[in-house]
Amino acid sequence: MSTVDGIALLGWMERDEAIAYLLDQCWSDPALNRQQAEALWIQYHDRVEALPARNPQPPTRFPIPAGSRGHATDFLRRHRGPEVSDVICINPMELIIHQLHVVTDRADHHHNQAGGWARKTLVIDRPSAQLPMQIDGDTIKFALPHAEHMFAFQNGAFQIQQGGGFVSVVDIGGGKLLLKAGYHRSFAFARAAMNEPDAKDKCELVALTTSLPPQLLPTFPHQGLRTTVFGSRSPLFRDFFDPDLVMAVKLLKKRWEAQLRIAAINDP
């Protein structure tokens, strides 16, 4: 069984979400049953419930280092628009989060990329290549190098596009910032800053954006995650580094495909 290393903040998940995560996404030997998975969730959930109420403050915004200003300017020249409003420099440990798991093997990949951290957290253009394709019956399958792809229709053509390769945050009120995307890049940066105290990069360059993730909108059908994020014990990025709150897991290794299929449907 192929696995990758990960970590999860199980205590902030809802009961059924945590149980499904442990049973369907994780591997263990011997395998967990539902009762054991629920017992693990209770253990971490009780620790979260025992935390004092939190009142996260707006993160300190540091000056952009002189050596990174040119890259930040180039990034904004390419990406500034209705969604990306600015580039700021912050400590990711002070951010509120909505994603409750990290694949540490994926963070290792970002850490090992060439270049300084500004170019890892504010990627201007992601490398692209022809996607391998195969036809399987009535389905066309495209092999994807990672999950961050989407379907798009642009300039009269149907496309499979990569998502933005940069860390993004959004103000959720009163200057408090939510880490919107770029969890693996941010984890790699924060871990390196902890393990390399003499490193020149002390704060992370991120894109300040304008919209909430869809699952945190008040109109989203299921309000559980929004209640958690905006509750009295909001999960924080620094919790990924708290051994009492984070659980190490072995995740079943995934590969990603985009699939196109033409199907007959009933005409109402």
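The values are calculated or read from the model by the stated rules, or taken from the named source; none is laboratory data. Predicted model only: the values in this text are computed from it and were never measured. Note: ideal-geometry Cβ built from the backbone for every residue, glycine included; neighbour counts use all protein chains shown.
Sort out which residues of region 79-104 are assigned to a helix (DSSP H, G or I) and either among the polar types (S, T, N, Q) or modelled with pLDDT of 95 or more (or both), and write them in order of number. Before you say what the answer is, go through the steps one by one.
Just the residues of region 79-104 that are assigned to a helix (DSSP H, G or I), to begin with: 79, 92-94, 104.
Those that are assigned to a helix (DSSP H, G or I) and either among the polar types (S, T, N, Q) or modelled with pLDDT of 95 or more (or both): Pro92, Met93, Glu94, Thr104.
Hey, can you tell me all the residues within region 138-187 that are touching a residue at least 60 places away in the same chain (Cβ under 8 Å), among the small types (Gly, Ala, Ser) and under 23 Å from Asp86 (Cβ atoms)?
Hits for region 138-187 are Gly164, Ser168, Gly174, Gly175, Gly182, Ser186.
Can you tell me which residues in region 188-229 are touching a residue at least 12 places away in the same chain (Cβ under 8 Å) and out of contact with any strand residue (DSSP E or B) (no Cβ under 9 Å at 6 or more places or on another chain)? Write out each step before concluding.
Of region 188-229, the ones touching a residue at least 12 places away in the same chain (Cβ under 8 Å) are 188-192, 194, 200-213, 215-216, 224-225, 228-229.
Within region 188-229, Ala188, Arg191, Ala192, Met194, Lys200, Asp201, Gln215, Gly224, Leu225, Thr228 qualify.
Hey, can you tell me all the residues within region 121-158 that are surrounded by fewer than 12 Cβ atoms within 10 Å (Cβ to Cβ), of a type in the set (S, T, N, Q) and outside any loop (DSSP other than H, G, I, E, B)?
Residues satisfying the conditions are Gln134, Gln154.
Starting from region 44-59, keep only residues that are surrounded by fewer than 13 Cβ atoms within 10 Å (Cβ to Cβ), then list their pairs with residues that are in a helix (DSSP H, G or I) whose Cβ atoms are within a distance under 9 Å, requiring at least 6 positions of separation or different chains.
Listed by first residue and then by second, the contacts come to Asp46/Gly11; Glu49/Gly11; Gln57/Glu94.
Condition first: more than 28 Å from Leu9 (Cβ to Cβ) and either of a type in the set (Val, Ile, Thr) or assigned to a loop (DSSP other than H, G, I, E, B) (or both). Now tell me which residues in region 45-78 satisfy that.
Hits for region 45-78 are Pro63, Ile64, Pro65, Thr73.
Condition check: within 21 Å of Asp242 (Cα to Cα) and either surrounded by fewer than 18 Cβ atoms within 10 Å (Cβ to Cβ) or among the β-branched types (Val, Ile, Thr) (or both). Does Asp108 satisfy that?
yes
Going residue by residue through region 192-202, is there one that turns out to be under 16 Å from the mean Cα position of the chain (by Cα), of a type in the set (Lys, Arg) and within 16 Å of Gly116 (Cα to Cα)? First the steps, then the outcome.
From region 192-202, those under 16 Å from the mean Cα position of the chain (by Cα) are none; that's our starting set.
Within region 192-202 (the criterion being under 16 Å from the mean Cα position of the chain (by Cα), of a type in the set (Lys, Arg) and within 16 Å of Gly116 (Cα to Cα)), the answer is no, since none of the residues qualifies.
Only strands (runs of 3 or more DSSP E) wholly contained in region 166-268 count here; list those with 1 or more residues that are at pLDDT 95 or above, of a type in the set (S, T, N, Q) and surrounded by 20 or more Cβ atoms within 10 Å (Cβ to Cβ). Even if it seems obvious, please write down each step before you answer.
Numbers: elements: 168-171, 177-181, 204-209, 247-252, 256-261.
In region 166-268, the matching strands (runs of 3 or more DSSP E) lie at 168-171, 204-209.
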